[in-house]
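See below for the structure under consideration.
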Amino acid sequence: MAGVEYTIGGVKIHFPCKAYPSQLAMMNSIVRGLNSGFHCLLESPTGSGKSLALLCSALGWQQAQLGKFARVMTNILQNKLPFLITYCKIYVNITDVLFCFLIHNVLSLYILQGFCFVLVLLQGQSQSKKQPVASCLSEKFQSSLSSDCEKDDDFQPDRKRMRTAEHKVILYTLCIHRLATTLKFCEPPFSIWYLFFFSIQSPEPCSRCPCGSAKESAKDKGKDGKTDIPKIYFGTRTHKQITQIAHELKRTVYSSVPMTILSSRDHTCVNPEVASHSSRNERCKELLEAKDGRSCRYYHGVHRMRDQYTLQRVHGLHQAWDIEDLVALGKRIRSCSYYAARELKQTASIIFCPYNYLLDPMIRESMEINLAGQILVLDEAHNIEDCARESASCTLDHKSLLISRDELDGMVNNNIRPAEHEPLRDFCYSLINWIQESQSQMSERGYEAASKVWSGKDVLGIFHTLGITAGTFSILKKKLAAVLEKEEHVGLVSGKEDMVQIPTISSATATVLKNLFMVLDFLYRDNCRFAEDYRVALQKSYAWMNQVPPDVPDAHGFIVRPHRRQRQNIRVKTEVLTLSFWCLNPAVAFSDLSGSVRSIVLTSGTLSPMGSFASELGVEFSIQLEANHVINKSQVWVGTVGAGPQGRKLCATFQHAETYAFQDEVGALLLHVCQVVAKGVLCFLPSYKMLNKLRDRWTNTGLWEKLEDQKTVITEPRGGGKGDFDELLQTYYDAIKYCDRNDGALLIAVCRGKVSEGLDFTDDNARAVVTIGIPYPNIKDLQVELKMKYNDQHSKSRGLLSGHRWYEIQAYRALNQALGRCIRHKNDWGALILVDDRYRNNPNKYITGLSKWVRQLVQHHDTFSNAMQSLVAFSQEQQNVQVAPVDSQIPCSTALSSNSDLPVTVEGQCVSEALQPQPLGSCVKVPEVQQDTNPLNFSYPQLKAEEKEKAGEIN
């Protein structure tokens, strides 16, 4: 694959094209961090290619570590080869020595390049052999198999044990054969390096050579972590972003590295019986346990795709793949994609997953993720503080706690492991009694809502009076682990003795207890040092629930139940009681990571102010970067609009947003923008509540119909399944691409929603982004209120932001994310329209929170007409600009990236001529020529006349 090779800090990094200055700065910072074991905090604007820089620099560094150890092991083999030959007393055929290495894998870690060196020696020393050395090895292996078959049955156990090694020899021999015959003993490609390093396991030692001692030595080195190559755990916010990252990886020379993607059963289950079930986790576990005599045939076929070699060489997934590829393969060969992905983790060099999989201790335990000594990359990490707090928190409703208590009570009454179940039942009884007694202490909080809040220290004191202490909690944890273990005992089945499985608690009860114990573990850890970071809230509210009406007998005492389709549910107002353990300090969750991982790399386009991350997460980020955007200033229009077409002031505070005047003015403004800007327009609102109110108002006034006449109008759903959301997005894309009955589409979404996070609206899919107001969190939310008070309390002692400053930053990070949906690459262009009068009246307060690249381009417009005239001129200019077919290239030379301590050497191919064909995988994009036959649809008379004139020319 053509590209450019950069040498940064002694690490060779292969890049698919000439890197932007911001990408060089990113790669420089990452290499410095990985070399030194430092944590990195890197901000690079959305659309500046940060994901590509992340992948290439991290994988390039990992490849460099493999190369270092390979050279060391080559030297060792050069020095030790004669000794090993003498020791093993094999003089006739030197291939026996190599076969011994293959079978027993003395140097289980960095041996492949050493194998290649040995093969070179063998080729020189083989005198009477005409066949390739690899063929000799294959014959040796076959003779070993045939001789094993002729052995006495007394050696059957040993033969079975050796088969594990023999299966591995097949893999090694095939790879060496490929190297020997096609690469002619040159240095192997690093895709095979990764495959060998991350998959080799040491089998049982033998008595012919010093394998045993070497194996123990390798184990000792692995424990010390001195010779282990770290895995890369790459976390993103959503599965959709993982697909985008996998697409970026496919463009690089690292596309064949062993990888896997961890996800939920909702995304990877291929069993139709489970996929159609409302609770896939529950149904999957039932099938695995075979409670009803049925099992999952897909799970039993997981071995067909559980290792990297089979995945790449047999099933054809040679390059980076995404979840859909693995699911399609699982369906085709009837193999479980969910468990295959987890098995592939053991031999993967890079693991992709949503970053809550890495932060949440419950998910880490379930997925068997060990981050000690590994590299942790968290992309789109602007929400990492919220995610870290949520991962150390839990909320359970009173009803689920009652169900858990009743289930444990049934276990005790039926004499099923009473010694283990009874303490857990008593724990639930104590917690329920305390909740019941505390309801009288709750204070009213708004309409039909009440709450009571305790600090973490207060709750520990209360728990002490209930008999729950650090000592008793450790006992409870052991009891829970015991009841979750599966056991069998001898019982009668159909009158015959057979092994019968002891019943266990349901997964719902297990989840309730696990979540509670996870929080209590944080509260009691290290002499209760995190107790002050928690608040416990008991909340009461009311909700409308669907309920089946009870059966009522008629006058004669008979119960006549209607048919299921005719039997309608009734809506019942029900009291909801919840107990929440809220962690207000994200450093609590990060305490499990910061001290064990090699390096943490946090990146996003909206991290400013960056100082808050170090204080909030409790991590020292020694390397920080704020990169510039890759576009020219002329490619983006950034303006604030404080008034609508009628001249009414637009200030989207709660009081103003409730008025019809504000709602009508915003609707008229949006209609004008849709008339000015062709193709795709995104509009972001602060909340779903405002979205619903504006839609209702505009429907009543007829404005909604006018918007639909101009563009296809789509609104973001608050809930719903993944398939429904993807279908809406496809409708939006199709309306822009085909323009059947109107000019493009308008997508009305919400900040912090699905549309604003990580979706790629490139080129015509987002020629304008309109933001209404400033998306502050709900100030009346109890958790927001407690977090602000917590920050005020600890702002001086821990260096935290004040509560009010923290509250503002949450708004601007959400706003900056929405604005970042527009510009997605160097040749893209678009308009950012910030609708609110506060930007112009107090720019020092409201503009400083915007991203650096947006903040530098903001223009304030006094009137709406001035803003629209400027926007029309910008749109027409961009429509008429003939973009050069190839990005301007950075000269191939030795350069020093900005804010760099490491030299950056550039080598490789540099495409300079405009007409030169672009190599496959290059990031240089050839944009389509913009035509003037589709002018902007604008309501002003002179533009309408131009449109009619051009239409007449076409006809």
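Quick one: net charge of Phe621's neighbours, Cβ under 14 Å, K/R +1, D/E -1?
Values: positive: Arg32; negative: Glu43, Glu385, Glu616, Glu620, Glu626.
Every neighbour counted, the sum reads -4.
Expected output is a single nm value to one decimal: the length gained when fully extending between Thr731 and Glu658, i.e. 0.36 nm times separation in residues minus the C-alpha distance. What is it?
Numbers: separation 73, 0.36 × 73 = 26.28 nm, distance 3.08 nm.
My answer for the length gained is 23.2 nm.
Return one quarter of the surface area of the convex hull spanned by the alpha-carbon atoms of region 300-369, equal to its mean projected area, in nm².
Working: hull surface 19.0 nm².
Averaged projected area of region 300-369's Cα convex hull equals 4.7 nm².
Along the principal axes of its C-alpha atoms, what lengths does region 636-881 span, in descending order and rounded to whole Å?
Principal extents (Cα only, largest first): 60, 40, 39 Å.
Over region 596-665, what portion of Cα pair distances is larger than 17 Å, expressed as a whole percent? Don't skip to the end; give the middle numbers.
Working: 1599 of 2415 pairs.
So the portion of pairs separated by more than 17 Å is 66 percent.
Rank-order 431-444, 763-776, 796-809 by packing density, defined as the average count of other C-beta atoms within 10 Å over each peptide's residues, highest first. Don't skip to the answer; put the middle values down first.
Details: 431-444: 12.9, 763-776: 23.1, 796-809: 15.3.
Final packing ranking: 763-776, 796-809, 431-444.
With point charges of +1 on the Cβ of Lys and Arg and -1 on the Cβ of Asp and Glu, referenced to the Cα centre of region 636-881, which listed residue (Val872, His672, Leu650) lies farthest in the positive direction of the dipole?
Highest projection toward the positive end goes to Leu650.
For region 793-869, report the convex hull volume of the alpha-carbon atoms normalised per residue, in Å³, without decimals.
Values: hull volume 9.1 nm³, N = 77.
Once divided by residue count, the hull of region 793-869 is 118 Å³.
Listed here are the pairs Lys285/Lys331; Lys679/Lys826; Lys50/Lys345; which of them are more than 22 Å apart at the Cα? Before the final figure, lay out the partial values.
On the way: Lys285/Lys331 19 Å; Lys679/Lys826 19 Å; Lys50/Lys345 25 Å.
Checking Cα-Cα distances, Lys50/Lys345 exceed 22 Å.
If we count every other residue with Cβ under 14 angstrom of Met26's Cβ, Lys/Arg +1 and Asp/Glu -1, where does the sum land? Walk me through the numbers on the way to the answer.
Values: positive: Arg32, Lys50; negative: Glu43, Glu248, Asp379, Glu626.
Cβ neighbours under 14 Å give a net charge of -2.
Excluding ligands, DNA and RNA, what is the solvent-accessible area per residue of region 636-881 at a probe of 1.4 Å, expressed in Å²?
On the way: 9730 Å² over 246 residues.
Accessible area per residue, region 636-881: 40 Å².
Using a 1.4 Å probe, what is the accessible area per residue for region 270-344, in Å²? All intermediate terms of the calculation are to be shown ahead of the outcome.
Details: 3790 Å² over 75 residues.
Value returned for region 270-344: 51 Å² of accessible area per residue.
Kindly give the semi-axes, whole Å and largest first, of the ellipsoid equivalent to region 228-335, taking each as the square root of 5 times a Cα gyration tensor eigenvalue.
Numbers: eigenvalues 152, 53, 31 Å².
Sorted largest first and rounded, they come to 28, 16, 13 Å.
Mind giving me the FRET efficiency for Asn880 and Arg741? R0 is 25 Å, r the Cβ-Cβ distance, nearest 0.05 is fine.
Given R0 = 25 Å and the Cβ-Cβ separation, E is 0.45.
With +1 on the Cβ of every Lys and Arg and -1 on the Cβ of every Asp and Glu, and nothing else charged, how large is the dipole of region 689-737 about its Cα centre, in debye rounded to the nearest 20?
Values: 9 positive and 9 negative charges, 62 e Å.
Dipole of region 689-737, to the nearest 20 debye: 300 debye.
Let's test the formula: R0 of 45 Å, r as the Cβ-Cβ distance of Val858 and Leu402. What FRET efficiency results, to the nearest 0.05? It would help to have the intermediate numbers written out before the result.
On the way: r = 55 Å, r/R0 = 1.23.
After rounding, the FRET efficiency stands at 0.25.
Hey, got a sec? Which trypsin sites (Lys or Arg not before Pro) in region 320-428 land in a DSSP loop and have at most 14 other Cβ atoms within 10 Å?
Values: sites: Lys331, Arg332, Arg334, Arg342, Lys345, Arg364, Arg389, Lys399, Arg405, Arg425; in loops: Arg334.
Loop-located and lightly packed - Arg334.
Can you compute the modelled spin-label distance between Lys789 and Ser634, with each label point 7 Å from Cα toward Cβ, in nm?
According to this spin-label approximation, the distance is 5.6 nm.
Evaluate the distance, in nm, between pseudo-label points positioned 7 Å from the Cα of Lys486 and of Ser870 along their respective Cα→Cβ axes.
Inter-label distance under the simple model: 6.7 nm.
Let's see if you can work this out: charge +1 on each Lys and Arg Cβ, -1 on each Asp and Glu Cβ, no other charges. What is the dipole magnitude of region 270-344 about its Cα centre, in debye to the nearest 20?
Numbers: 13 positive and 10 negative charges, 47 e Å.
Approximately 220 debye in magnitude.
Dipole magnitude of region 636-881 about its Cα centre, charges +1 at Lys/Arg Cβ and -1 at Asp/Glu Cβ only, in debye to the nearest 20? Could the numbers behind the result be given before it?
Numbers: 31 positive and 27 negative charges, 221 e Å.
The calculation lands at about 1060 debye.
For region 233-347, give the percent of accessible area contributed by carbon and sulfur heavy atoms, probe 1.4 Å, rounded to a whole number.
On the way: 2270 of 4980 Å².
For region 233-347, the apolar C and S fraction of the accessible surface comes to 46 percent.
Quick one: length gained pulling Asp458 to Arg529 fully straight, 0.36 nm per residue minus the C-alpha distance?
Numbers: separation 71, 0.36 × 71 = 25.56 nm, distance 1.35 nm.
Once the chain is fully extended between Asp458 and Arg529, it gains 24.2 nm.
Give, in nm to one decimal, the length gained when the segment between Lys331 and Thr395 is fully stretched (0.36 nm per residue of separation minus the Cα-Cα distance). Intermediate results must be reported in sequence, preceding the final value.
On the way: separation 64, 0.36 × 64 = 23.04 nm, distance 3.67 nm.
Here the answer is 19.4 nm.
Given a Förster distance of 45 Å, report the FRET efficiency between Asp386 and Ser440 from their Cβ-Cβ distance, rounded to the nearest 0.05.
Details: r = 33 Å, r/R0 = 0.73.
According to the calculation, E is roughly 0.85.
The values are calculated or read from the model by the stated rules, or taken from the named source; none is laboratory data. Just so we're clear, the structure is a prediction, and the values are computed from it rather than from any experiment. Don't worry about glycine lacking a Cβ; one is built from the backbone with ideal geometry, like all the others, and counts go over all protein chains shown. To get the accessible areas, we keep the full protein, side chains included, count just its heavy atoms, and leave off ligands, DNA and RNA. Shrake-Rupley method; radii C 1.70, N 1.55, O 1.52, S 1.80 Å.
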